[in-house]
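Only one structure is covered here, and it is reproduced in the block below.
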Amino acid sequence: MIHTKKIFFFVTLVSLAFFPTFVAFGQSFAFLIPPSEFKAFDTPNDAGETVSLTWPVSPSDAADVFYVIYIDKDKNGSFEKEAFRIKSNTSYRTSVPEIYGYKKTNGNYHYVQVNPRKVLNGETLNKKQMYYFKLAMVAGDNKTFVDAIASARARGNWLHTKKINNFVIMIILSAIILYFIVHARRNPNMFLRKISGLDAVDEALGRATEMGKPVLFVHGLTGMGSISTIAATSILGRIARKIADYDANLQVVNNDPIVMSVSQEVVKESYLEAGRPDAYNPDNVFLVASEQFPYVAAVGGIMTREKPAANFFIGYFYAEALILAETGAATGAIQIAGTDAYTQVPFFITTCDYTLIGEELYAASAYLSREPMLMGTLRAQDVGKGLLIIILVLGTVMASFGLTFITRLFEAF
Amino acid sequence: MNFLKRTIPLIIAFVMGVLMAMQYFVPHKLSQDLLEVVSRWDRIIAGFAVFIGAYSLFHLHWTRIKRRVAGWGYSVFVYFGAIITLIFGLLNGGKFFWNDKQEGTMFDWLYYYIQVPAGATIFSILAFFIASAAYRTFRARTNESTVLLIAAIIVMLGRVPIGNYISQYIPVIADWIMAVPNLAAKRGILLGMSLGAVATSIKIIFGIERSYLGGGD
């Protein structure tokens with residue numbers, strides 16, 4: 001009897017001890033607590049393809065609990081089409097700072113974007129179609145719907161409001177540049193700091209003329225769409241003009257047919273300007289290869305066979321930079337490089353006699369031509385740099401005191 | 001003639017320059033479609049330009065062969081390679097060029113077993129060139145090159161396990177060099193470059209820089 005009582009007491013104790021665990025396990029599937037609200041809105045700053053959906057986190061959120069969003073074109077529809085399914089412990093507002101900023105509460109709300117046209121693929125949809133959404137929590141066989149039905153239209157936006165900061169910066173910089181261009185027309189004797197690489201152009205061309213050897217101009221690998229290639233063709237024009245004056249031989253190697261056509265035209269015009277149209281030979285501006293390493297092999301071959309007296313590497317370069325410049329250095333040529341590919345700058349510095357680093361590439365055309373209007377842009381660049389330095393110092397000081405709004409001001413989305 | 005060669009290209013450069021700059025700030029579908037159309041035009045023009053490039057290449061090498069200039073034998077190889085590739089490309093593994101491209105044909109073989117290894121060979125030369133360039137640069141002739149030499153040794157050692165064996169501080173100093181002075185210099189160059197790119201774009205859009213059209217004014 002005493003044993004029976006003991007066993008009963010023990011079983012009761014064990015049952016009481018494990019009761020909360022049974023309840024807790026049972027609750028995760030049996031009692032899903034749906035979010036208190038569910039909202040839909042047109043995704044801001046998009047092409048009009050998506051609708052944004054957001055709802056607060058639920059105490060039932062767990063790795064094995066899912067949120068399922070159903071879509072319909074009719075508010076009283078059947079909502080059978082599943083638009084989105086996510087794990088309930090993923091997708092928060094923190095992933096879209098361009099919409100919600102960096103608030104601490106962003107982690108308390110879920111956020112997803114749905115492309116209704118993609119989901120309702122094949123159906124004829126009006127541009128002003130209103131879409132309706134229902135949110136359900138699903139865990140195993142249990143499914144609980146949120147009472148609210150959210151609705152929104154997907155509309156395209158004409159202005160990306162989060163890029164307004166970029167727009168303002170662009171307008172300010174453009175205004176500064178245009179001001180200095182106008183200013184330079186009135187005051188043509190503007191001081192320009194010395195750029196050794198560009199001062200050495202005359203020296204390199206003079207050397208080639210004296211030696212009776214060609215000058216080799218090597219374009220980078222990017223096409224005419226690249227700003228560095230445009231800058232390179234501008235420099236080519238200035239160099240070709242001087243070469244026409246010196247009566248030296250210029251060879252221009254290209255890897256892009258469009259760049260080649262532009263270069264031919266630029267060189268031809270420069271010879272015309274110099275009054276030496278007879279000296280222009282279109283065969284001296286040619287395409288050697290369109291692929292990176294065949295281009296390197298071909299240009300390296302030209303360097304070793306013809307041993308140009310001066311090599312110009314101007315434009316955007318990749319891994320071929322060092323191979324080209326080192327081959328040129330081995331032939332004993334005077335070498336001037338100019339690139340905005342900052343990863344290749346150290347290689348050019350080590351192997352070339354002079355290197356135009358980054359912005360100097362863009363300044364070269366103005367520096368060589370000494371045209372007042374072009375020189376005005378150089379002064380504007382310096383003013384822009386001054387402004388940037390002030391902002392950087394201010395931002396650093398303010399960030400050190402915990403004021404980060406200046407960082408947010410320049411953020412781009 | 002001047003109107004066709006100068007004025008019209010300048011108008012096109014202005015209109016397209018402003019349009020594409022504004023396109024960046026307009027997320028609307030019409031704006032995205034415009035970008036797509038312009039990109040497609042770019043690809044079409046590039047497609048036609050291939051013929052100009054091919055003509056230039058073959059004309060250049062034909063002239064070299066004709067004049068027997070130094071290294072004219074390489075020009076023969078250009079023709080040889082182009083003709084062989086063209087023939088196998090047109091044959092398309094016996095299905096001919098009007099059918100979809102076949103896999104595992106002689107055309108693929110030429111690419112995978114000649115062009116790719118040849119390119120890799122040229123690329124591998126880079127390792128030797130880096131060594132020779134490093135030797136020249138790291139000779140401690142001036143104060144600057146001494147600093148460069150010391151920084152380079154620390155960074156190189158910090159990137160390999162032996163650096164950690166020598167001292168646990170070497171990888172830390174290497175990371176600091178890369179994350180602070182190196183990054184600061186890189187950002188300085190990038191800021192200057194971006195300003196230069198904006199200035200060049202404005203010069204082109206407003207027709208101040210015209211040398212890319214040919215001539216200096």
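The values are calculated or read from the model by the stated rules, or taken from the named source; none is laboratory data. Being a predicted model, the structure only gives us computed values, none of them experimental. Cβ atoms come from the backbone with ideal geometry, glycine included; neighbour counts cover every protein chain shown.
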Quiz item: In the range A:241-253, what residues are in contact with a strand residue (DSSP E or B) (Cβ under 8 Å, 6 or more places away or on another chain) and either within 8 Å of another protein chain (Cβ to nearest Cβ) or over 21 Å from A:Ala298 (Cβ atoms) (or both)?
Solution: A:Ile243, A:Ala248
Practice problem: Would you be able to say whether some residue in the range A:139-150 is aromatic (Phe, Trp, Tyr), outside any strand (DSSP E or B) and surrounded by 14 or more Cβ atoms within 10 Å (Cβ to Cβ)? | Solution: no
Quiz item: Wholly within the range A:267-385, which strands (runs of 3 or more DSSP E) include no fewer than the required count, namely at least 1 residues that are within 21 Å of A:Ser226 (Cα to Cα) and among the small types (Gly, Ala, Ser)?
Solution: A:334-339
Quiz prompt | Of residues in the range A:346-379 being of a type in the set (Asp, Glu) and within 10 Å of chain B (Cβ to nearest Cβ), the one surrounded by the fewest Cβ atoms within 10 Å (Cβ to Cβ) | solution = A:Glu371
Self-check item: Test: residue in the range B:112-127 that is closer than 15 Å to A:Ile323 by Cα and of a type in the set (S, T, N, Q)
Solution: yes
Exercise. Among the residues of the range A:334-363, count how many are among the charged types (D, E, K, R), closer than 16 Å to B:Met193 by Cβ and out of contact with any Lys or Arg (no Cβ under 9 Å at 6 or more places or on another chain).
Key: 2
Practice problem: Please work out if B:Ile83 is among the aliphatic types (A, V, I, L, M), assigned to a helix (DSSP H, G or I), away from every other protein chain (no Cβ under 14 Å) and more than 30 Å from the chain's Cα centre (by Cα). | Solution: no
Quiz item: (1) over 22 Å from A:Gln264 (Cα atoms); (2) in a helix (DSSP H, G or I); (3) under 29 Å from the mean Cα position of the chain (by Cα): which one isn't true of B:Tyr55, the others all being true?
Solution: (1)
Quiz item: Pick from the range A:217-231 the residues that are among the aliphatic types (A, V, I, L, M) and within 15 Å of A:Phe348 (Cβ to Cβ): which of them is surrounded by the fewest Cβ atoms within 10 Å (Cβ to Cβ)?
Solution: A:Leu221
Quiz prompt | Candidates A:Ala200, A:Ala232, filtered to the one that is within 33 Å of the chain's Cα centre (by Cα), among the aliphatic types (A, V, I, L, M) and assigned by TED's automatic domain parsing to the domain that holds A:Pro282 | solution = A:Ala232
Exercise. Search the range A:64-100 for residues being in contact with a Lys or Arg (Cβ under 6 Å, 6 or more places away or on another chain) and outside any strand (DSSP E or B), and hand back the single one that is nearest to A:Ala136 (Cα to Cα).
Key: A:Phe79
Quiz item: Does B:Ser145 satisfy being within 14 Å of another protein chain (Cβ to nearest Cβ) and more than 30 Å from A:Met170 (Cβ to Cβ)?
Solution: yes
Practice problem: Taking A:Glu82 as the residue in question, decide whether it is surrounded by 11 or more Cβ atoms within 10 Å (Cβ to Cβ), among the charged types (D, E, K, R) and in contact with a strand residue (DSSP E or B) (Cβ under 7 Å, 6 or more places away or on another chain). | Solution: yes
Exercise. Identify all residues within the range A:258-283 that are more than 7 Å from every other protein chain (Cβ to nearest Cβ), of a type outside the set (Gly, Ala, Ser), within 38 Å of the chain's Cα centre (by Cα) and buried (at least 19 other Cβ atoms within 10 Å of the Cβ); write none if there are none.
Key: A:Val259, A:Gln264, A:Val267
Exercise. Being charged (D, E, K, R) and either more than 10 Å from chain A (Cβ to nearest Cβ) or not in a helix (DSSP H, G or I) (or both) is the filter here, so list the residues in the range B:1-52 that pass it.
Key: B:Arg6, B:Glu36, B:Arg40, B:Arg43
Exercise. Could you tell me whether any residue of the range B:190-208 is surrounded by fewer than 16 Cβ atoms within 10 Å (Cβ to Cβ) and assigned to a helix (DSSP H, G or I)?
Key: yes
Quiz prompt | Single unsatisfied condition, B:Ile170 versus (1) under 28 Å from the mean Cα position of the chain (by Cα); (2) in a helix (DSSP H, G or I); (3) surrounded by 19 or more Cβ atoms within 10 Å (Cβ to Cβ) | solution = (1)
Quiz item: When the range A:380-397 is examined, which residues are found to be farther than 15 Å from A:Ile177 by Cβ and either at the interface with chain B (Cβ under 7 Å from one of its Cβ atoms) or β-branched (Val, Ile, Thr) (or both)?
Solution: A:Ile389, A:Ile390, A:Ile391, A:Val393, A:Thr396, A:Val397
Quiz item: Name the pairs whose Cβ atoms lie under 6 Å apart, with the first residue in the range A:84-99 and free of Cβ contacts under 8 Å to residues at least 40 places away in the same chain, the second assigned to a loop (DSSP other than H, G, I, E, B) and surrounded by 16 or more Cβ atoms within 10 Å (Cβ to Cβ), and 6 or more positions between them or separate chains?
Solution: A:Asn89/A:Asp61
Self-check item: Residue check, B:Ala185 touching a residue at least 12 places away in the same chain (Cβ under 8 Å), surrounded by fewer than 18 Cβ atoms within 10 Å (Cβ to Cβ) and within 14 Å of chain A (Cβ to nearest Cβ)
Solution: no
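Residues checked against (1) within 7 Å of another protein chain (Cβ to nearest Cβ); (2) in contact with a Cys (Cβ under 7 Å, 6 or more places away or on another chain); (3) under 26 Å from A:Pro372 (Cα atoms); (4) among the hydrophobic types (A, V, I, L, M, F, W, C):
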| residue | (1), (2), (3), (4) |
| --- | --- |
| B:Val160 | no, no, no, yes |
| B:Ser201 | yes, no, yes, no |
| B:Arg210 | no, no, yes, no |
| B:Leu213 | no, no, yes, yes |
Self-check item: Criterion: part of a loop (DSSP other than H, G, I, E, B) and either within 14 Å of chain B (Cβ to nearest Cβ) or at pLDDT below 95 (or both) - qualifying residue of A:Lys163, A:Lys128
Solution: A:Lys128
Practice problem: Only residues that are part of a loop (DSSP other than H, G, I, E, B) and among the aliphatic types (A, V, I, L, M): list them for the range B:130-154, please. | Solution: B:Ala140
Quiz item: Could you say whether any residue in the range A:361-378 is of a type in the set (Val, Ile, Thr) and over 15 Å from B:Ile189 (Cα atoms)?
Solution: yes
Exercise. Could you please let me know if B:Leu157 is under 30 Å from A:Ile239 (Cα atoms), at pLDDT 90 or above and outside any loop (DSSP other than H, G, I, E, B)?
Key: no
